[in-house]
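S.K.: Starting off with a structure, shown below.
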Amino acid sequence: MDTALFEYTGGLADDALVSAQRMGWWISRAPELEEDVALANIGLDQLGQARNLLTYAGEIEGEGRSEDDLAYLRDERYFRNVKLVERPMTDFGVAMARLLTFATYQLHLYRTLATGDLGERDETLAAIAAKAVKEVAYHVDHATHWVLRLGDGTEESHTRMQSALDAEWPYLEELFGPLDPVLTGRVADRSALRDAVLSDVRRVVTEATLSVPEVPPALGGGRDGLHTEHLGYLLAEMQHLHRSHPGAKW
Amino acid sequence: MEGVYGNDFGTDQQPDPDRAAPDEAAFAALLAGEGRVEPRDDMPEAYRKTLIRQIAQHAHSEIIGMQPEGNWISRAPSLRRKAILMAKVQDEAGHGLYLYAAAETLGVDRADLVDQLHSGRQKYSSIFNYPTLTWADVGAIGWLVDGAAITNQVPLCRCSYGPYARAMVRVCKEESFHQRQGFEILYTLSHGTPEQKAMAQDAVNRYWWPSLMMFGPPDDDSPNSARSMAWGIKRFSNDDLRQRFVDMTVPQSEALGLGLPDPEIRWNDERGHYDYGEIDFTELFEVIKGNGPCNAERMAHKRRAYDEGAWVRTAAEAYAAKRARATESVA
């Protein structure tokens, strides 16, 4: 098995899956009806990416595990997502701060996978990414509009948006982890995306009359299966029905 | 009082003396010729109010209906089912949106309608006051509840009020997909493990009678139906629609391999319909009065989401006002 590619693909898949799981919570809880529709749409896009990526991870592994086997039958120590996406979304400001940063990262990541300067591009990841680029470009656009409205809206929204950004910011660094050298030229090097991603996000933050947080990065570890305590609860809820009926078809 | 969404059982249709009296004869002629009433047309005040309440109740039902199904998004047993369910609940939000837009063509404001829902002055379909206790309930809601809704809503595609009729065309297409996905969930469960089949049967047992009650009281106890039919809003009586639903559903239950919790269901050759047992409407009236299993939870969830989003909506308005001022000062 190509372990490095399996781990890399699993990381992309789990980021999208855990993010979709959080996004699904908002459906029927958004500040307005249009936003219920939009957040459902974004969650669905992320879930679609996760399904393609998990299916591919299963193929790389070669042990016959399906998307559902990987999503439902792994414990948290085997999830490879970053901590950014697994933490609860405590209010709409947090949801938009999270979406702005995560979707901007995904946009650069998927673009590089699809059309970046890669000598021995992984064609399956490129195909998955090419479809996802259009989706996440919309997510960035949606989050940008909300960060502008909330940052430059009322005093209260400004304060809440700033707190949300401050809370998310320490978790950005983990997105830009180093690339396993055996994957050089085949997939996007996430550490090389840092400047472009942060520059895009900073531009929106500044235009929204908010301050770019100056906070030390949080402890990483998600890519090695070292998560916050929140992930266990998220997975317990997501997996319990599937696990309660071993081998059943749904 | 409300029954199936897209039906009207209300009573507060007092004419508004401030509105000019329309040309009753012209209106009657329009209806007699099966013409469509459009927003700018003259219409009797009671017709307008009946439509506002019916469309608003329909919209509210779509919105509150997001909750029982949304309850299973996080726990859907496969990623495919999760995606389908998210798309379905998103559809319900979309239906709510264009139904509110249809109501607004009658001169009301969506914010006022939502306010009336929150204050309890307008209702939503009682069916959504039942809990979704297992995954199979998602299937039962799709098959039975959406099935009953379609039975009621297909004739509304020919409703005399144009914007409502046109909204219904699109809603019915999507509801038809929802009903098939519910049927497919139950089919998969009933052909799965014994535990899955038992889960499916239990869900059908719990949702069957409430689904029949969605059509509202019997015809002889439904005083407004006759007028709505004369106005071309309603095309078939409650009991006729209920019978149509039973006739459609019984053969489907056989295809599913699931029983219906009514020993009196049998084909009646003479009538050309299925007979079914007497409905105990006391339960429906209790749920309507607010004593259903989830009335309080549904409204609390809706109000909480609305209240917690207030700062976001206020900020969006403030931002839009700032932008407008900036544009003005440039111009």
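S.K.: Taking only C-alpha pairs under 8 Å that are 6+ residues apart, what is the relative contact order of chain A in percent?
M.R.: Value for chain A: 25 percent.
S.K.: Another one. Can you give the accessible area per residue of region A:3-244, in Å², using a 1.4 Å probe?
M.R.: The answer is 39 Å² per residue.
S.K.: Something else: By its C-alpha gyration tensor, with a ≥ b ≥ c as the square roots of the eigenvalues, how is chain B shaped: rounded for a/c under 1.5, else prolate for a/b larger than b/c, else oblate?
M.R.: Oblate, because a/c is 1.5 or more while a/b does not exceed b/c.
S.K.: Rounded to the nearest 500, what is the 222 nm mean residue ellipticity of chain A from helices alone, with -39500 (n - 2.57) per DSSP H run of 4+ residues and division by all residues?
M.R.: Counting only the DSSP helices, I get -21000 deg cm²/dmol.
S.K.: Still on this structure, please answer the following. With labels modelled as points extended 7 Å from the Cα through the Cβ direction, what inter-label distance (nm, one decimal) is found for B:Phe285 paired with A:His230?
M.R.: Calculated label separation equals 5.0 nm.
S.K.: While we're on this one: Please compute, over every Cα-Cα pair in region B:173-300, the percentage with a separation greater than 23 angstrom.
M.R.: Looking at region B:173-300, the distances longer than 23 Å represent 46 percent of pairs.
S.K.: Right, something else. Do you know the relative contact order of region B:19-156, to the nearest whole percent, from alpha carbon pairs under 8 angstrom that are 6+ apart?
M.R.: Contact order relative to length: 27 percent.
S.K.: Still on this structure, please answer the following. Tell me which aspartates and glutamates have Cα within less than 18 Å of B:Lys123's Cα, excluding those fewer than 8 residues away on the same chain?
M.R.: Correct list for B:Lys123: B:Glu2, B:Asp8, B:Asp12, B:Glu62, B:Glu92, B:Glu104, B:Asp109, B:Asp112, B:Asp115, B:Glu283, B:Glu286, B:Glu297.
S.K.: Oh, and also: Using a 1.4 Å probe over the heavy atoms of the protein chains, calculate the carbon and sulfur portion of the accessible area of chain B as a whole percent.
M.R.: Percent of accessible area from carbon and sulfur atoms in chain B: 53.
S.K.: Taking all protein chains in place and a 1.4 Å probe, what share, in percent, of the accessible surface of region A:3-244 do carbon and sulfur account for?
M.R.: Here it works out to 51 percent.
S.K.: From the cross-link list A:Lys83/A:Lys134; B:Lys197/B:Lys289; A:Lys134/B:Lys302; B:Lys49/B:Lys82; A:Lys131/B:Lys197, which pairs have alpha carbons spaced over 30 Å apart?
M.R.: In this structure, B:Lys197/B:Lys289; A:Lys134/B:Lys302; B:Lys49/B:Lys82; A:Lys131/B:Lys197 exceed 30 Å between Cα atoms.
S.K.: Using the heavy atoms of the protein chains alone and a 1.4 angstrom probe, what is the accessible area of chain B per residue in square angstrom?
M.R.: 41
S.K.: If the chain between B:Asp41 and B:Ala198 were fully stretched, how many nm would it gain, using 0.36 nm times the residue separation less the Cα-Cα distance?
M.R.: Stretched fully, the B:Asp41-B:Ala198 segment lengthens by 51.1 nm.
S.K.: Add -39500 (n - 2.57) for each DSSP H run of 4 or more in chain B, then divide by its residues: what number comes out at 222 nm, to the nearest 500 deg cm²/dmol?
M.R.: -19500 deg cm²/dmol
S.K.: Still on this structure, please answer the following. At a temperature of 20 °C and a viscosity of 1.002 mPa s, determine how fast the protein assembly as shown diffuses translationally according to Stokes-Einstein, using the Kirkwood radius over alpha-carbon pairs as Rh; express D in µm²/s, rounded to the nearest whole number. Walk me through the numbers before you get to the answer.
M.R.: Details: Rh = 26.0 Å.
For the chosen part, D equals 82 µm²/s.
S.K.: Measuring from centroid to centroid over Cα atoms, what is the spacing of region A:1-35 and region A:37-107 in Å?
M.R.: The two parts, judged by their Cα centres, are 2 Å apart.
S.K.: Checking an interface number: how much accessible area is buried between B and A, summed over both chains, with a 1.4 Å probe, in Å² rounded to 100?
M.R.: Chain pair B/A: roughly 3900 Å² of buried accessible area.
S.K.: Mind listing which GluC sites (Glu not before Pro) in region B:263-316 are in a DSSP loop and have 13 or fewer other Cβ atoms within 10 Å?
M.R.: Sparse-neighbourhood loop GluC sites (Glu not before Pro): B:Glu264, B:Glu270, B:Glu278.
S.K.: Ok, one more. When only alpha-carbon atoms are used, what values of Rg and Dmax, in angstrom, describe region A:1-89?
M.R.: Expressed in Å, the Cα Rg and Dmax of region A:1-89 come to 14.1, 47.
S.K.: Restricting attention to the alpha-carbon atoms of chain A, what are Rg (one decimal) and Dmax (integer), both in Å?
M.R.: Cα-based Rg and Dmax for chain A come out at 17.6, 55 Å.
S.K.: Taking a ≥ b ≥ c as the square roots of the eigenvalues of the Cα gyration tensor of region A:136-191, is the shape rounded (a/c under 1.5), prolate (a/b larger than b/c) or oblate? Please report the intermediate quantities before stating the final value.
M.R.: On the way: a/c = 7.02, a/b = 2.25, b/c = 3.12.
In terms of gyration-tensor shape, oblate.
The values are calculated or read from the model by the stated rules, or taken from the named source; none is laboratory data. For clarity, every value in this text was computed on a predicted model and none was experimentally measured. Note that each Cβ is placed from the backbone with ideal geometry, even for glycine, and that neighbours are counted across all protein chains shown. With ligands, DNA and RNA removed, areas are computed over all heavy atoms of the protein, side chains included. Shrake-Rupley method; radii C 1.70, N 1.55, O 1.52, S 1.80 Å.
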